[in-house]
Amino acid sequence: MKNSIRLTLVCVMALVCKVSLAQYNPKSVIDEPKTFKEKTYNFFLSKRLKKSLNQRDSLDELVIAFNKDTTQRGTEYRYLDSLYKALTGKYADCTSRNNDLKAQYAELNARYNDLMKRSLSDAEKFNNALKIKAEELEAREKRLAELQGIINAQDSLLNALNNTVKKALMAFKSDEISVEMKNGKVYVSLSDKLLFKSGSAQVEEKGLEAIRTLAEVLNKNIDIDVQIEGHTDNIPIKTAKYEDNWALSADRALSIVRLLSVEHGVNPKRLQAAGRGEFYPKASNETAEGRAKNRRTEIILSPKLDELYKLIEKNRR
């Protein structure tokens, strides 16, 4: 628009100049001037004409330059206009993509927030579960400590009992009585030659003394359960009273139980009797020495484990 106005103004100026110059057209020159005035007229007319022609030529050059400049500007304008349109298209495309990205960002942000909430919820659940497990572990460790305390107390009691029994039975020979700890129990093994005659379940005098001594220990340690087991060698026996070694071993165990409970006042609830026969040998039955070791009565002393069993049962619940 501005370029069109400028072009119009230039054309009007050129037209005005041409109209003004028409008054001084070379044809209006006075031929053969005679007077000074005519000569002066021609002189000034010629001078003005030259000036006007110069101005006209300058204006023509200006018009030509302007037209040339206008053409160049038109080319540049068309280039810039096409570039502007291209950039406008790109801008619109970028705006559309930006809007899409904003929508995607909003969706992803919503998902992120949802995941964060879930993560926090899962973390809270995990922490709660971990706390519960820690409490369970702490309670279990506490129960284990209690259990270990009971076991230690039982071991201490067992060691004391073992030492007490050994000290009480020191008067007897090692081939008559042996005392040992194994499997959490004290085993008092009384040989057959100390207690019984061959094929008999009646306790001999020396054996009665050993039973009496042992009963004194048991009556001082009331938290001890007592199991009496009779053992024989593998040589078969068959008499009017006993049909086999099993029957003999069981009767011998019962004889010891009766002595402890009836004669020495050991609580019968603490006592058990079992006949093992020849089925749990201590040594080989191939030699006389081995068979002599197998013919024995074992009095097995076990600390009561009631508290231990209660704790174990409690842990199972």
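Every read-out reported here was derived from the displayed coordinates using simple, explicitly stated rules and does not represent laboratory data. Just so we're clear, the structure is a prediction, and the values are computed from it rather than from any experiment. With ideal geometry, Cβ positions are generated from the backbone for all residues, glycine too; neighbour counts draw on all protein chains shown.
For the listed residue pairs Lys220/Lys304; Lys182/Lys304; Lys173/Lys220; Lys220/Lys282, the alpha carbons are over 20 angstrom apart in Lys173/Lys220; Lys220/Lys282. When each of the peptides 294-300, 178-184, 221-227 is scored by how many other beta carbons lie within 10 Å of its residues on average, the order from highest to lowest is 294-300, 221-227, 178-184. At q = 0.09, 0.11, 0.15, 0.20 Å⁻¹, work out log10 I(q)/I(0) for the stretch 169-315 with the Debye formula, treating every Cα as an identical point scatterer and leaving solvent out; two decimals please. Debye intensities relative to I(0), on a log10 scale: -0.29, -0.42, -0.75, -1.24.
Rg/Rh for the stretch 115-225 stands at 1.46; both radii use Cα atoms, and Rh follows the Kirkwood definition.
Modelled spin labels at Asn152 and Glu209, positioned 7 Å past Cα toward Cβ, are 4.2 nm from each other.
Measuring r between the beta carbons of Glu180 and Ala139 and using R0 = 41 Å, the FRET efficiency lands at 0.60. Remark: spin-label model distance Tyr79-Leu62 equals 2.8 nm, labels positioned 7 Å along the Cα→Cβ axis.
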